[in-house]
Amino acid sequence: MPVALILGATSDIAQAIAKQLAKENFNLILAARNIDYLKRIQHDLQVRYSIQVDTVYFDAISFDQHEHFIQQLSVFPELVILCFGYLGNQNAAEKNWEEAYKILSTNYLGAVSILNRIANEMEKRKKGTIVAISSVAGDRGRKSNYLYGSAKAGLTAYLSGLRNRLYSSGINVITVKPGYVATKMTENMSLPQILVASPEQVAKRIWKAIHGRKNTIYVKKLWLWIMFIIKIIPEPIFKRLNM
């Protein structure tokens, strides 16, 4: 059976992806900081789907441990899905460098650190698929979340370059831009429901993208047009908007 590694496996989206992959007969490696929570997810998946599920500790910003993390895996996965991220608090980050650094290091540096190593292994093997969750927030900087958005913009650019690099080795890299997702993180936010996806919808779209060897996907296609319009607003007008 094929093996998938899910980085940041305790998030709502990651759990939905794990269930989707279990239905497709993948064995799973779940990686996150909260091992106790991972064990509960592991038990549920093994009972429900009769697959092999391993758990391993992973901290996105412990950069010096990422090489060891790769080496300790019992089997190297054919599929890697990066789900971790940190929205943070924009207002706090403007005044507190520690908060700003956490946003930037989790969403960009941590992703690059681990994906560089995964890419090198896949390139040696000439096979594999990398999926990473970026954000529509990276399509254009807005005052409400420009630190998070800038990190996601960097991640999107990184994934584009990685896709270009690995294409000749037969490895596909997929950038996922979910938009709003109904998770614990957004449950107290007032959001337009037409733009909100469920974790299960995100998981299904990712599976279709893997199967179809897509490059970049917006989970809700309406986001493609919304962000297109936002990106073409001239800067003299855009800087005056309350976004």
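Okay, here's what the table says:
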| item | result |
| --- | --- |
| Tally, over the stretch 183-195, of residues that are without any contact (Cβ under 8 Å) to a residue 24 or more places away in the chain and either aliphatic (A, V, I, L, M) or not in a helix (DSSP H, G or I) (or both) | 7 |
| Criterion (hydrophobic (A, V, I, L, M, F, W, C) and either within 21 Å of G161 (Cα to Cα) or in contact with a Pro (Cβ under 8 Å, 6 or more places away or on another chain) (or both)) met by exactly one of L147, L73, L115 | L115 |
| Test for R205: is it closer than 26 Å to A119 by Cα and either part of a loop (DSSP other than H, G, I, E, B) or among the charged types (D, E, K, R) (or both) | yes |
| Test: residue in the stretch 226-241 that is under 17 Å from the mean Cα position of the chain (by Cα) and among the β-branched types (V, I, T) | no |
| Hits in the stretch 87-112 - residues which are assigned to a loop (DSSP other than H, G, I, E, B), surrounded by fewer than 18 Cβ atoms within 10 Å (Cβ to Cβ) and in contact (Cβ under 8 Å) with a residue 40 or more places away in the chain | L87 |
| Positions within the stretch 144-191 being modelled with pLDDT of 95 or more, among the hydrophobic types (A, V, I, L, M, F, W, C) and either within 13 Å of I133 (Cα to Cα) or in contact with a Leu (Cβ under 6 Å, 6 or more places away or on another chain) (or both), in sequence order | A151, A153, L155, A157, L159, V173, I174, V176 |
| Looking only at the stretch 161-203, and only at residues there that are buried (at least 16 other Cβ atoms within 10 Å of the Cβ) and among the basic types (K, R), the one that is nearest to T10 (Cα to Cα) | K177 |
| Scan of the stretch 146-182 for residues that are among the hydrophobic types (A, V, I, L, M, F, W, C), under 14 Å from I217 (Cβ atoms) and in contact with a helix residue (DSSP H, G or I) (Cβ under 7 Å, 6 or more places away or on another chain), ordered by number | V173, I174, V176, V181 |
| Residue ID - farthest from the chain's Cα centre (by Cα), chosen from residues in the stretch 212-225 that are farther than 18 Å from A157 by Cα and free of Cβ contacts under 8 Å to residues at least 24 places away in the same chain | W225 |
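The values are calculated or read from the model by the stated rules, or taken from the named source; none is laboratory data. Quick caveat: nothing in here was measured; it's all calculated off a predicted structure. FYI the Cβ positions are ideal-geometry reconstructions off the backbone, even for glycines, and counts take in every protein chain you see.
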